[in-house]
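All remarks here apply to the structure that follows.
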Amino acid sequence: MGRFCSAWLAALLCVVSYSFADLPAAEPVTTPAIRERGLVSPGDTARLAAVMAKARRGEEICVAAIGGSITAGGLQTKDPKNRYVARVAAWFTQTFPQAKVRFVNAGIGGTNSLYGAMRVRRDVLSKQPDLVIVEYAVNDNHPVPMFWSTYEGVLRQILREPQQPAVVQLFFMQRKGENAQETQHMLGRHYDLPMVSFRDAWWPEVYAGRVQWETMYADVVHPNDTGHILASELLIALLQRVKDQPAPAAIRTTLPTPMISDLFVDCRYAQYADLQPTANSGWTTNADKSKWESPATGGTIEFGFEGELLFLGYEIDAAAEPLATYRIDGGSPQPLERNPNRLPLAEGLSPGPHRVRIEFAPGPKPLPVAPAVRVWSLGAAGKSR
C-alpha cells in the first residue's frame with residue numbers, strides 16, 4: 001500500500017509539474033513600485049505643464065519621438081497603435097478630447113544619436129513638436145565617447161527651439177540590462193529633464209525571475225507589443241503627475257553651458273534628392289533615386305559640405321571595400337571601411353567649407369561579381385564659417 005501511495009503521489013506530482021510548466025507566462029503588471037522605480041527624475045516639469053495647458057485649451061499638439069529601431073517598432077510590434085509614442089499620443093486624445101493631437105514617430109533602425117543629431121531638425125523639429133521623447137539608450141551603448149556629445153547635441157537642438165518643446169528621456173535596455181543610461185542620465189540632470197527608465201522599472205523583475213524576458217521582448221533588444229505598452233505606462237505615469245498643473249508663468253529658455261560639447265548643436269544634413277555632387281565621374285542614382293552608386297568600371301564622386309565634422313551614410317559591398325577610398329580637401333586617400341552610421345568619416349576640421357571625394361577603382365582584373373559603393377546621405381556638424 002505504501003509503495004502504491006508513493007507511486008501515485010509521484011505520478012500526481014509529475015502531472016502537476018507538467019501542467020504548471022505548460023501554463024503561459026503571466027502578463028507583467030505595472031505596480032506602483034515599478035512605476036516609482038521607472039521615474040528616474042521628474043525634472044523641471046514647466047514645459048510639460050505648458051503642453052497640458054495647451055491641450056486643455058483645445059489647441060493642436062504634436063507628440064514626437066526620435067530613436068532607433070525600438071522607437072520605430074518594426075516587425076517586433078504586431079500593431080503600430082501599441083508603439084509607445086502612439087499610445088502616449090492616444091492618452092492625450094483620451095485625456096483632452098477637445099484637443100487635436102498628432103504624433104511623429106522618427107525612429108530609424110540601426111541608428112544612434114550621431115545620426116539623430118544630424119536629422120532631428122529635418123525629421124522632428126520641422127514638425128513643430130510640443131513634446132519630444134528621446135530614445136537612444138540602447139543604440140548609444142558602445143565605447144564611443146562621441147556619443148556623449150551627439151546625445152547632448154540632440155537635447156540642445158530640441159531645447160533651444162523657439163516653440164519650447166518639452167523633452168523626456170527614455171531608457172530601454174538590452175537582454176542583460178545593458179544600456180547607455182549612466183551617461184545620458186548625467187546629461188538629463190545637467191538640463192533638469194524628466195527621465196523615464198524601462199530598465200530601472202523592469203530589470204529587477206526579470207533578474208528576480210518574477211517576469212520572463214520573452215513576455216516583454218521579441219528578441220534580445222526589441223520590445224514586443226507588451227513591452228511597448230509597459231513603456232507607455234511609465235511615460236503616462238509621468239504625464240499624469242503633471243496633467244493638472246497650472247500653466248507655468250514662465251519657461252526657462254536659457255540653456256546651461258554644455259556639459260560635454262556644443263559641436264552638435266549646429267548640424268547640416270542632406271539625403272537622397274538633396275544630396276547633389278559637386279563633381280561626378282560615372283556615378284548614377286539607383287532606380288528609386290535613393291542612392292548614388294559607383295559604376296562597375298570605377299569612378300569618382302565629390303560632395304561639398306561645411307563644418308568641423310563629416311558623417312557619411314553609405315553602403316559598400318565586401319568585394320568593393322579594398323578598392324574604395326576617400327579624400328578630404330584633396331588630401332591623402334583613406335580606406336573607405338564597411339562601418340557606416342556609427343562613426344564620423346572626418347573630424348577636427350577647421351570651420352568652413354570642405355569637400356569629400358570618394359573613389360572606386362576596380363583595377364585591371366575583372367571581378368566575378370560587379371561590386372559597388374552606394375552613398376545615401378551626408379551630414380556635417382560644427383561651425384560652418
Check your understanding: Normalised by the residues of the stretch 266-381, what does the relative contact order come to in percent, with Cα pairs under 8 Å and at least six apart?
Key -> 40
Check your understanding: Counting pairs of alpha carbon atoms under 8 Å apart in space and at least six apart in sequence, what relative contact order in percent does the stretch 26-242 give?
Key -> 30
Practice item. Give the Rg/Rh ratio for the stretch 26-242, taking Rg as the radius of gyration of the Cα atoms and Rh as the Kirkwood radius, to two decimals. Key: 0.93
Review point. Mind checking Rg over Rh on the stretch 253-385, alpha carbons, Kirkwood formula for Rh?
Key: 1.03
Revision key, fill the gap. With +1 on the Cβ of every Lys and Arg and -1 on the Cβ of every Asp and Glu, the dipole magnitude of the stretch 266-381 about its Cα centre, in debye rounded to the nearest 20, is 240
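Could you state, as a whole-number percent, how many of the C-alpha pairs of the stretch 207-259 are farther apart than 19 Å?
More than 19 Å apart: 58 percent of the Cα pairs in the stretch 207-259.
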Practice item. Within 10 Å, count the other beta carbons around each residue, average over each peptide in 152-158, 123-129, 309-315, 62-68, and list them highest first. Key: 62-68, 152-158, 309-315, 123-129
Check your understanding: Which whole-number percent of Cα pairs in the stretch 286-328 have a distance greater than 17 Å?
Key -> 42
Study note, to complete from the structure: Cα gyration tensor of the stretch 172-262 diagonalised, 5x eigenvalues square-rooted, in angstrom largest first, produces semi-axes 30, 19, 10
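When DSSP assigns beta bridges and you keep just the ones with both residues in the chain, what percent turn out antiparallel, to the nearest 5?
65
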Revision key, fill the gap. Among the DSSP H helices of the chain, those whose Cα atoms extend at least 27 Å along the helix axis and whose mean Kyte-Doolittle hydropathy is -0.5 or higher are 2-22
Check your understanding: Dipole size in debye (nearest 20) for the chain around its Cα centre, Lys and Arg Cβ +1, Asp and Glu Cβ -1?
Key -> 660
Study note, to complete from the structure: For the stretch 281-345, the dipole about the Cα centre with charges only on Cβ (Lys and Arg +1, Asp and Glu -1), to the nearest 20 debye, works out at 100
Study note, to complete from the structure: Taking N as the number of residues in the stretch 221-306, the ratio of its alpha carbon radius of gyration to 2.2 N^0.38 Å works out to 1.97
Practice item. List the lysines whose Cα lies under 27 Å from the Cα of residue 81, skipping any in the same chain that are fewer than 8 positions away. Key: 54, 100, 127, 243
Exercise for review: Select from 260, 279, 245 the residue farthest towards the positive end of the dipole of the stretch 237-303; place +1 on Cβ of Lys and Arg, -1 on Cβ of Asp and Glu, and compute about the Cα centre.
Suggested key: 245
Exercise for review: Can you tell me which of 198-204, 270-276, 355-361, 160-166 comes out highest on packing, and rank the rest after it, using the mean Cβ neighbours within 10 Å?
Suggested key: 198-204, 355-361, 160-166, 270-276
Check your understanding: Give me the Kirkwood hydrodynamic radius of the stretch 171-224 in Å, from all C-alpha pairs, to one decimal place?
Key -> 11.9
Point to revise | Proximal aspartates and glutamates to residue 176, defined as alpha-carbon separation beneath 19 angstrom and excluding residues fewer than eight positions away on the same chain | key: 135, 140, 200, 205, 214, 219
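Rule-based calculations on the coordinates, nothing more; no lab input. For clarity, every value in this text was computed on a predicted model and none was experimentally measured. Virtual Cβ from ideal backbone geometry, glycine too; neighbours counted across all protein chains shown.
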